[in-house]
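Single-structure report; data block below.
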Amino acid sequence: MTTSVDLAAAFGRFTEQWQPHTIARLNDYDVRIAKVAGEFAWHTHPETDEFFLVVDGTLTIQLRDGDVTLAPGQLYVVPKGVEHCPKADAECQILMVEPTATVNTGDLPPNELTAAPIIS
């Protein structure tokens, strides 16, 4: 890669919700962005932590022990194996850093929310 990534431009290239777009690779990790709105699904990632950074909007990460609400510029790492459910009352733009093989629905059986990351 010989050019920088413009986050605003990257977010401007798609409209779909809950569909991760890989915008960079770091060793065996993907840097992914997504637009999210509404509630996702309760799930875990038994093998990896999950990093969320809010770029725009407000994201609530529901946890069984209490919610974590993130504003732009704030991040939270869900520890591996912790059940969680992201939600956003209005559209929110997020950045995630995850191992390349990470499936967005974690340990759930494949369903309508399961998405293969798109390389942007």
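The values are calculated or read from the model by the stated rules, or taken from the named source; none is laboratory data. Here the structure is a predicted model, which means the values were calculated and not measured. Because the Cβ atoms are built from the backbone with ideal geometry, glycine has one as well, and the counts that use them run over all protein chains shown. Each accessible area value is taken on the protein alone, full model and side chains, heavy atoms only, with ligands, DNA and RNA left out. Shrake-Rupley method; radii C 1.70, N 1.55, O 1.52, S 1.80 Å.
Placing a pseudo-label 7 Å from each Cα along the Cα-to-Cβ vector at A116 and V77 gives an inter-label distance of 3.0 nm.
Using a probe radius of 1.4 angstrom, the carbon and sulfur fraction of the accessible surface of region 68-120 is 60%. Of the whole protein surface, F11 contributes about 10 Å² of accessible area at a 1.4 Å probe radius. Accessible surface computed residue by residue for the chain, with neighbouring protein chains in place and a 1.4 Å probe, gives 54 Å² per residue.
The mean sequence distance of close C-alpha pairs (under 8 Å, at least 6 residues apart), as a share of the length of the chain, puts its relative contact order at 33 percent. Charging the Cβ of each Asp and Glu at -1 and of each Lys and Arg at +1, and nothing else, the dipole of the chain about its Cα centre rounds to 260 debye. The amide H of Q74, built 1.01 Å from its N in the peptide plane, has V54 as neighbours under 5 Å, considering only residues 5 or more places off or on other chains.
When the alpha carbon gyration tensor of region 17-80 is reduced to an equivalent ellipsoid, its three semi-axes come out at 19, 16, 12 angstrom, largest first. Residues of region 29-65 with backbone nitrogen within less than 14 Å of a virtual label 7 Å along the Cα-to-Cβ line of L108, please, listed as ranges. Residues 37-45, 62 fall inside that zone.
Working note: Cα gyration tensor of the chain, eigenvalues times five, square-rooted, sorted largest first, giving semi-axes of 21, 17, 14 Å.
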